[in-house]
1. Here is a list of conditions, (1) aromatic (Phe, Trp, Tyr); (2) more than 17 Å from Gly95 (Cα to Cα); (3) part of a helix (DSSP H, G or I), and Trp178 meets all of them except one; can you say which number that is?
2. Quickly run through region 64-94 and pick out the residues that are open to solvent by less than 40 Å² (accessible area, probe 1.4 Å), among the small types (Gly, Ala, Ser) and either in contact with a Pro (Cβ under 9 Å, 6 or more places away or on another chain) or assigned to a loop (DSSP other than H, G, I, E, B) (or both).
3. Kindly provide the set of residues from region 47-63 that are out of contact with any His (no Cβ under 7 Å at 6 or more places or on another chain) and either among the polar types (S, T, N, Q) or assigned to a loop (DSSP other than H, G, I, E, B) (or both), ordered by number.
4. Run down Leu204, Leu221, Leu194 and say which single residue is of a type in the set (A, V, I, L, M, F, W, C) and more than 25 Å from Ala310 (Cα to Cα).
5. Does region 95-102 include one or more residues that are assigned to a strand (DSSP E or B), open to solvent by 50 Å² or more (accessible area, probe 1.4 Å) and either of a type outside the set (Phe, Trp, Tyr) or out of contact with any helix residue (DSSP H, G or I) (no Cβ under 8 Å at 6 or more places or on another chain) (or both)?
6. Could you tell me which residue of region 129-163 is nearest to the chain's Cα centre (by Cα), considering only residues that are within 13 Å of Leu74 (Cα to Cα) and open to solvent by less than 50 Å² (accessible area, probe 1.4 Å)?
7. Looking at region 104-128, which of the residues that are in a loop (DSSP other than H, G, I, E, B) and out of contact with any Leu (no Cβ under 9 Å at 6 or more places or on another chain) is surrounded by the fewest Cβ atoms within 10 Å (Cβ to Cβ)?
8. Pick from Arg43, Arg59: which is in contact with a Leu (Cβ under 9 Å, 6 or more places away or on another chain), open to solvent by 10 Å² or more (accessible area, probe 1.4 Å) and either in contact (Cβ under 8 Å) with a residue 40 or more places away in the chain or hydroxyl-bearing (Ser, Thr, Tyr) (or both)?
Amino acid sequence: MSIKSHLLGELGFGTAPLGNMFRAIPDEEAAATVQAAWNNGIRYFDTAPFYGAGLAEIRLGEVLADHPRDDYVLSTKVGRVILDEIEDPASRDLGEKGGIFEHGRPNKVVNDYSADATMRSIEDSLKRLRTDRLDFVWVHDVAQDFYGDEWVAAYESARTGAFRVLQELRDEGVIKGWGLGVNKVEPLEMTLDLDEPKPDGFLLAGRYTLLDHERALQRLLPAAEAQNVDIVAGGPYSSGILAGGQHFEYQKAPAAIIAKVERIKALAEQHGVSIKAAALQFSLAHPAVAATIPGATRPSRIAEDVAAHAETVPAEFWTALRAEGLIAQNAPVPHV
């Protein structure tokens, strides 16, 4: 069964910022943001042990514990085990994502995609999330941005470990689906080429956005659609640069990206469109995309996301983006 059939709406909530991404967020603010998502009708929540070394899961679990488990959909990730041992969060080797969670918990984070670590990771997540079950489980970050030239070895470890465990759990009805949660297209293409095991969906962050979509359009999205593998589009605001922030790809945005965003913003203003609406609705327009999960750390941002999702964007705006070469000619756009 497809991931989309289990989701309660196409707008979810990504909790990476709740792991103190980029800044230390007070517990009260984090809790209020999750509650705001709930109050605004959002019922799909995605998290991961990696986000602040368990901090995002703990914060999410505290709020969701007050709501009936059957009323929401929950996904987390495997591939990193959080220990009681302490380390300096700023000294972790995170490949291209260095320092991203330096304000998170100091618990030691161990990369491990083996079968045993996958089961332990799930058990630990259930405790932190204060729940008895997960809906989807993604294999986290087996890609170039974290492992460089060693990424294929990390992928192979996951293929023979985590993939098989998750497929068994899915087949036994313990979880509803599994797949990969990554920031790169290539691991997903490799997975679609496997005869076995077969994923149900993917969480692809940052690679199907207004600013970066051509690579995903070439092969991944058509292949996923053909195989009925649903895509959850993570990072629709490209780490914040499309929502008024300064980050792109989890780092300070380079000048070329800032210039491109300014061109998109100018067209958006010309057509009376909010840039958040343009970003969210573009990511959702491809038929392979089942949902998008913007993150937030302030309650007010949630209402903005919901409004952006509901906003009417005129067809002329998309035509203008195409004419200016700001979106690919073959990129689907919303039907108005």
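The values are calculated or read from the model by the stated rules, or taken from the named source; none is laboratory data. Note that the structure is predicted; figures quoted are calculated from it, not measured. Virtual Cβ from ideal backbone geometry, glycine too; neighbours counted across all protein chains shown. Each accessible area value is taken on the protein alone, full model and side chains, heavy atoms only, with ligands, DNA and RNA left out. Shrake-Rupley method; radii C 1.70, N 1.55, O 1.52, S 1.80 Å.
1. (3)
2. Hit for region 64-94 is Gly79, nothing else.
3. Across region 47-63, the qualifying residues are Thr47, Pro49, Tyr51, Gly52, Ala53, Gly54.
4. Of Leu204, Leu221, Leu194, the one residue that is of a type in the set (A, V, I, L, M, F, W, C) and more than 25 Å from Ala310 (Cα to Cα) is Leu194.
5. First, pick out the residues of region 95-102 that are assigned to a strand (DSSP E or B): none.
For region 95-102, residues assigned to a strand (DSSP E or B), open to solvent by 50 Å² or more (accessible area, probe 1.4 Å) and either of a type outside the set (Phe, Trp, Tyr) or out of contact with any helix residue (DSSP H, G or I) (no Cβ under 8 Å at 6 or more places or on another chain) (or both): absent.
6. Among residues in region 129-163 that are within 13 Å of Leu74 (Cα to Cα) and open to solvent by less than 50 Å² (accessible area, probe 1.4 Å), the one nearest to the chain's Cα centre (by Cα) is Trp138.
7. At the first step, the residues of region 104-128 found to be in a loop (DSSP other than H, G, I, E, B) are 104-106, 112-114.
Still in the list and also out of contact with any Leu (no Cβ under 9 Å at 6 or more places or on another chain): 106, 112-114.
On the way: Pro106: 13, Asp112: 19, Tyr113: 25, Ser114: 17.
Here the residue is Pro106.
8. Values: Arg43 fails: either in contact (Cβ under 8 Å) with a residue 40 or more places away in the chain or hydroxyl-bearing (Ser, Thr, Tyr) (or both).
Just one listed residue meets the conditions, Arg59.
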